[in-house]
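Below: the structure, in structure tokens.
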Amino acid sequence: MSVDLNMLEGLGLASTNSSKANTGKRDELGQEEFFKLMITQLQNQDPFEPMENGDFLGQIAQFGTVNGIGELQKSFESIAKSVQSAQTLQAASLVDREVLVPVDMAGLGPEGGVRGALDLKSSAEEVTVGVYDAAGALVRRLPMGAQASGMQSFHWDGMTDQGERAPPGVYEFRANAVRDGSSEQPELLLNARVESVRTDQRNGGIKLQIEGFGEMDFSQVRRIG
């Protein structure tokens with residue numbers, strides 16, 4: 001928006017270089033100053049060439065738009081901070097808990113097993129999850145039968161197909177779904193323990209330290225517990 005500097009000085013709204021040095025630079029025109037300027041502009045306009053209504057309304061609209069955008073930015077910043085604080089509190093409660101994340105490998109301990117889920121985009125006639133050791137050999141086949149679309153859970157108890165306890169180590173999981181005679185690999189997710197939580201100072205997101213997998217975005221968590 002163009003502003004007549006001489007008019008501003010006449011109204012006492014513009015400062016000289018010396019006053020700027022004492023009071024600091026002012027690079028924003030407030031609402032009160034704007035309307036004072038507009039009134040003075042109307043009072044001093046040439047009666048033979050008055051300001052067009054469109055020009056007058058255009059200046060008001062331009063000021064209102066700039067002022068409104070500034071208020072919106074402040075509101076959005078406040079909302080973003082509130083959302084981030086809520087996410088941080090929620091994420092902090094996840095430490096030492098298990099979350100479902102999109103990974104296909106998990107560690108098996110001396111006891112217990114591994115829980116996971118498949119995200120099926122549509123129903124399938126037959127669904128199977130295979131568990132493989134570090135050498136790529138099939139250790140256990142988990143038939144799930146026909147499944148509807150959506151998140152379908154499974155559990156490996158740590159036993160092999162021969163009925164023996166599988167040795168501790170890292171195992172890979174592969175899923176297969178048969179639909180109308182065709183096979184496809186649905187998204188596979190496994191439960192993993194959250195070791196710690198931190199805030200990403202660069203983009204404001206939440207980072208989770210996942211046991212055995214390193215850092216992941218909080219947004220990647222599909223289910224808690």
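Remarks
- Label zone at Phe213, where the point sits 7 Å out along the Cα-to-Cβ direction: the range 160-188 residues whose backbone N lies under 18 Å: 169-176, 186-188
- Using θ = phi - 60° in the Karplus curve 6.51 cos²θ - 1.76 cosθ + 1.60, the 3J(HN,Hα) couplings for the range 121-134 round to 5, 8, 5, 10, 6, 8, 10, 9, 10, x, 10, 10, 7, 4 Hz; x is entered for Gly and Pro.
- Summing charges over all other residues whose Cβ lies under 15 Å from the Cβ of Glu98, with Lys and Arg as +1 and Asp and Glu as -1, gives +2.
- Using the Cβ-Cβ distance between Glu111 and Gln185 with R0 set to 30 Å, the FRET efficiency from 1/(1 + (r/R0)^6) comes to roughly 0.50.
- The H on the amide N of Ala166, modeled in the peptide plane, is under 5 Å from the matching H of Met159, Thr160, each at least 5 residues off or on a different chain.
- Residues with amide H under 5 Å from that of Arg223, placed H, sequence gap 5 or more: Leu100
- Residue-span extension gain [Thr160 to Ile224] - 0.36 nm each, minus C-alpha spacing: 20.3 nm
- In order along the range 167-177, the phi-based Karplus estimate (6.51 cos²θ - 1.76 cosθ + 1.60, θ = phi - 60°) of 3J(HN,Hα) comes to x, x, x, 9, 10, 9, 10, 10, 10, 9, 10 Hz; Gly and Pro are listed as x.
- Over the range 98-191, equivalent-ellipsoid semi-axes from the Cα gyration tensor in Å: 23, 14, 11
- Solvent exposure of Phe154, expressed as accessible area, is near 20 Å², computed with a probe of 1.4 Å over the protein chains only.
- FRET efficiency estimate (nearest 0.05) - Cβ-Cβ, Val170 to Asp119, R0 30 angstrom: 0.85
- A Förster radius of 30 Å combined with the Cβ-Cβ distance from Arg202 to Met151 puts the calculated FRET efficiency at roughly 0.45.
The values are calculated or read from the model by the stated rules, or taken from the named source; none is laboratory data. As the structure is a computational prediction, the values presented were derived from the model and not from experiment. Neighbour counts are summed over all protein chains in view; Cβ atoms, including those assigned to glycine, are modelled from backbone coordinates with ideal geometry. The accessibility values were calculated without ligands, DNA or RNA, using every heavy atom of the protein model including side chains. Shrake-Rupley method; radii C 1.70, N 1.55, O 1.52, S 1.80 Å.
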